[in-house]
Amino acid sequence: MSPKSVAKKSGPGGGAKSPAPPLIFVDAIEDGRARLLLGNDAFDVPAALLPRGAREGSWLRWSMALAPPPPDADQGSALRAKLGRDDDGGDIDL
């Protein structure tokens, strides 16, 4: 069975509503990872991202929204930039 996007029909005023978020199938959950199927595409995510009660065989409605960066985002981007500048691409000494 392959997940399909579900589109809402036009509302009573004749205006089209935005399509419903796509449906995602939970194919497997193993070792803290969930394998999800979106149409013919399979991808893994941390199982902690799944909603409570989701299990193998569940269908999920996928939706995301843009959010403003957290207040400390500038610190993280500065650290990533510094680490990138300091990385010579060589082996890591442990």
Residues of the range 13-29 classified as over 12 Å from the mean Cα position of the chain (by Cα) and part of a strand (DSSP E or B), total: 6
Members of the range 75-94 that are at pLDDT below 75 and acidic (Asp, Glu): 93
Tally, over the range 41-74, of residues that are more than 16 Å from the chain's Cα centre (by Cα), surrounded by fewer than 10 Cβ atoms within 10 Å (Cβ to Cβ) and modelled with pLDDT under 95: 5
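The values are calculated or read from the model by the stated rules, or taken from the named source; none is laboratory data. From a predicted model like this one, the values you see are computed outputs, not experimental measurements. Every residue, glycine among them, receives a Cβ derived from its backbone with ideal geometry; neighbour counts consider all protein chains shown.
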